[in-house]
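Just so it is clear, none of the values below were taken in a lab; they were calculated from the coordinates. Note that the structure is a prediction, hence the values are computed from the model and not measured. Here Cβ is always computed from backbone atoms with ideal geometry, including for glycine, and neighbour counts include all displayed protein chains.
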Amino acid sequence: MKKSLVRDHLKLGFSLIEVMIVVVIIGILATLAYPRLERYLISSRQTEVKTNLIAIHTAQKIYHSSNRKYAASLNELGVEVPQGENAQYSYTLETDGNSFTVTATGNIDSDETKDVWTINQDKNLINVENDVTN
């Protein structure tokens, strides 16, 4: 009777082969899922920059309605956009008072190509250079 209890107790665990098969399967699934995750992260960064540019456009239109000219800097608009070393994009504003163009430049996938977006007073949002497809 003691021998059968020992055999039954040993059958409760997993063999090294079974554990290794599970690890290999998890590795294959992770390898297949990583490119999709990377595309999702890049897409979310581009969505963020488009949202920021539209917010700047809206702030410029409000500023123009009060001052009869467009703001010369982002600070005048009071729009909070991420800036500094941790920001994905840098924003520049060019204006002559009657029109404006805001350019956002970033490197979202750590290669040589930059991702460049612009928006103007007519709300033309253009992806000048796409870091994802280049």
Tell me the chymotrypsin sites (Phe, Trp or Tyr not before Pro) within segment 26-82 that lie in a loop according to DSSP and have at most 16 other beta-carbon atoms within 10 Å.
none
Using only Cα atoms, tell me the angle between helix 16-67 and the longest principal axis of the chain; keep it within 0 to 90° and round to the nearest 10.
10
The number of Lys pairs in the chain whose alpha carbons lie under 17 Å apart, excluding pairs fewer than 8 residues apart on one chain, is 8
Long-range amide H contacts for Q121: which residues qualify at under 5 Å (H placed 1.01 Å from N, peptide plane, sequence gap of 5 or more or a different chain)?
F100
Just the Kirkwood number for the chain, please: inverse of mean 1/r across all distinct Cα pairs, in Å, one decimal.
18.7
Proxy exposure order for L74, L29, L16, L125 (fewest C-beta within 10 Å first) is L16, L29, L125, L74
Estimated [θ] at 222 nm from DSSP helical runs (n ≥ 4, -39500 (n - 2.57)) normalised by residues in the chain, nearest 500:
-17000 deg cm²/dmol
